[in-house]
Amino acid sequence: MKANAGELLTIMFLLGMALSACTGQNLDAPTAAATNSSTSTPMQVTQTPTATKTSSPTQTPIPQPASLTGTIHLLRDDPEVFPTIIELREPDSFKLVSSSVADPEGVYIFEDLDPGIYQLWVLITTGRAMLPGCGDVSAPDTDWLLGIVFEEDMALTTQNIYLSAALFFAESLDESEIIAQGFYAVLAELDVKSGEEKVQDVALPCY
């Protein structure tokens, strides 16, 4: 059977209406076509970045200059200002690091010190006799020693903290060429910390 173009359009229109009524679908709307072939979608793996903890470099504190000050007294019945020479020396070698002179009020000061361990040497006398008015003089306590300086970096210390013992020892050296130049009370270990304004008063008992 042959149909012209108009009849063909009419037949197609009626067929479409019939199908629409049977399926309840609008032929104008797109429909999903079922397929038997499975399409594999590539799986994408996303890696979450792991934060790595980095240690910051350790910063070494820069040593700051320190200072040392105090007053020197001779303890008679009443404390008496004792202006004298004060020295800082290295603990092992007795090498002289710095020296200061107490003012008429007995106050001494060291500035711009490198932090470290020092010995504090307080001059009692340069003579070979006892201080006037004292039967003996001692270092403040058992943390102190008695020291004798022969030359700038030649010295010794003794556990006996009384001046009389140091004077007696010096007399025993009279026949040698080693001549004592000063007798000192010596604080064996003085710890000066970075940036510290350290105060170290000294009181020498006079008996």
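Note on Thr142 and Gln59: with the Förster distance fixed at 30 Å, the Cβ-Cβ geometry gives a FRET efficiency of about 0.15. All C-alpha to C-alpha distances of region 161-207, sorted into 5 Å bins beginning at zero, yield P(r) values of 4, 14, 20, 17, 14, 11, 10, 6, 3, 0 percent in whole numbers. The equivalent ellipsoid of region 113-152 has semi-axes of 24, 14, 8 Å, largest first, where each one is the square root of 5 times an eigenvalue of the Cα gyration tensor.
In units of the compact-protein estimate 2.2 N^0.38 Å, region 66-205 shows a Cα radius of gyration of 1.01.
Any read-out appearing in this document is the output of simple, stated calculations on the displayed coordinates, not a laboratory observation. Here the structure is a predicted model, which means the values were calculated and not measured. Using ideal geometry, Cβ is built from the backbone for each residue, glycine included, and neighbour counts are taken over all protein chains shown.
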